[in-house]
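Written below as structure tokens is the structure these notes are about.
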Amino acid sequence: MITTAFDYTKATTIDEAITALSEGDGKILAGGHSLIPAMKLRLSRPSKLVDIGGIAALKGIKEEDGEIVIGAAATHADIMHDDLIHHHLSLFAEGAALIGDVQVRNYGTIGGSLAHADPAADWPALVLAAEANIEVHGSNGRRIIKATDFFTGLFATALGDNEIITAVRIPIPANGARSTYQKFAQPASRFALAGCAVMRFADGKTNIAFTGVGENAFRDVEAEKVLSGKPLNNESITAAVDAALQGVMVLSDHYASEDYRRHLAKVYLRKALNTVSGL
Ligand code: FAD
């Protein structure tokens, strides 16, 4: 399969990338592991690719003002192997390790995954559970979008025209937080047929986020409400599993019917809650 013809620009600064993007029908090129296959299938036909792989400001992972700040061009492997992440945000190391295969993890980026917003991608559930903020830059400057406001539909996000994700900022959870990501992976691609990220904070607040289940990743507020202020035990976990997915339009495709996917999602929620509770 061959893409349509396109121009190519390698940006060295964020401003250069935004300017190049605003000239014509351009698209950002990060790891290329979602965009290039879509171009080969002619599902995407940009007239220009703006490569952000040479922008130093988009790389690296640091601690700043009580947050972990992950550059948008950090690869899944960078995150999986990072000491700060292991120390403060093991959920992200655990999740990154489950993405695709070695090549996908070495090329694919967190910014590319969030912008692409594949309904079966892993990062959306992880950033939702961790209450991350998505930092974006565009011709009108910088803004922060809460993860809960970012995913707006199937492959759709709150990113504006010519806006670029520059970083993902995660408040460092207080000591005592426990978390996990559990997914039933499609055996070839490893995308989630159902994935569930849980973050249980030291004060008992519990965030539950699903991916692979609906048109976009989401927090399950009904299941969260059931656990609010309660200890995690068999009874409260069963009540949360029963309450989960109310009113959710569950996806159905040739990998998993709606009923099977709903069942899987509840099984993986229970696995996740059992894991954080130590049951
Ligand atoms: P690209 O493909 O370069 O870009 C994707 C889209 O995002 C494009 O529209 C691009 O313009 C836009 N974009 C990129 N960066 C930015 C930015 N900073 N700001 C704004 N827009 C941007 N993913 C999973 O979650 N789990 C899996 O198990 C999994 N398995 C995979 C298996 C295979 C075989 C393959 C090929 C992919 C798999 N993926 C999986 C997807 C992979 O993680 C992709 O790398 C990721 O979704 C996209 O990241 P990228 O850096 O490659 O982005």
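The values are calculated or read from the model by the stated rules, or taken from the named source; none is laboratory data. What you are looking at is a predicted structure, and each value in this text was computed from that prediction instead of being measured. Please note: Cβ atoms are built from the backbone with ideal geometry, for glycine as well, and neighbour counts cover all protein chains shown. These accessible areas exclude ligands, DNA and RNA; they are computed on the full protein's heavy atoms, side chains included. Shrake-Rupley method; radii C 1.70, N 1.55, O 1.52, S 1.80 Å.
The HN-Hα couplings worked out from phi for region 177-184 by the Karplus form 6.51 cos²θ - 1.76 cosθ + 1.60 (θ = phi - 60°) are 5, 10, 8, 7, 10, 10, 9, 9 Hz, whole numbers, x standing for Gly and Pro. For the Cα atoms of the chain, what angle does the longest principal axis make with the long axis of helix 234-243, in degrees from 0 to 90, nearest 10? For helix 234-243, the angle is close to 50 degrees.
Region 58-171 gives an Rg/Rh value of 0.93, both radii derived from C-alpha positions and Rh following Kirkwood.
Heavy atoms only, 1.4 Å probe, whole protein assembly: order V213, V102 by accessible area, highest first. Could the numbers behind the result be given before it?
Details: V213 0, V102 95 Å².
I get V102, V213, largest accessible area first.
Once the Cα-Cα distance is subtracted from the 0.36 nm per residue extended length, the D25 to A156 segment shows a gain of 45.4 nm. Across every direction, the projection of the convex hull enclosing the Cα atoms of the chain has a mean area of 14.3 nm².
The slack between M249 and I2, meaning 0.36 nm per residue of separation minus the straight C-alpha distance, is 85.4 nm.
The value for region 178-277 of Rg(Cα) / (2.2 N^0.38 Å) is 1.02.
Output the relative contact order of the chain, whole-number percent, from Cα pairs under 8 angstrom with separation of 6+ residues.
Details: 615 pairs, mean separation 40.8, N = 279.
Reported as a whole number, the value is 15 percent.
Between I36, I14, S47, the Cα set farthest toward the positive side of the dipole of region 7-51 (charges on each charged residue's Cβ, about the Cα centre) is that of I36. Global size of region 117-258: 15.9, 51 Å for Rg and Dmax (C-alpha atoms, Rg to one decimal, Dmax whole). Value of Rg to Rh for region 1-102, rounded to two decimals, is 1.05; Kirkwood radius and Rg both from alpha-carbon coordinates. Note on V221/K48: beta-carbon distance plugged into 1/(1 + (r/R0)^6) with R0 of 41 Å gives a FRET efficiency of 0.50.
Please work out the FRET efficiency for the pair A38 and K205, using the Cβ-Cβ distance as r and a Förster radius of 30 Å; give the result to the nearest 0.05. If you can, show how the numbers build up before the last one.
Working: r = 38 Å, r/R0 = 1.25.
FRET efficiency, A38 to K205: 0.20.
In plain terms, the chain from A97 to E16 could stretch by 25.9 nm, reckoned as 0.36 nm per residue minus the Cα-Cα distance.
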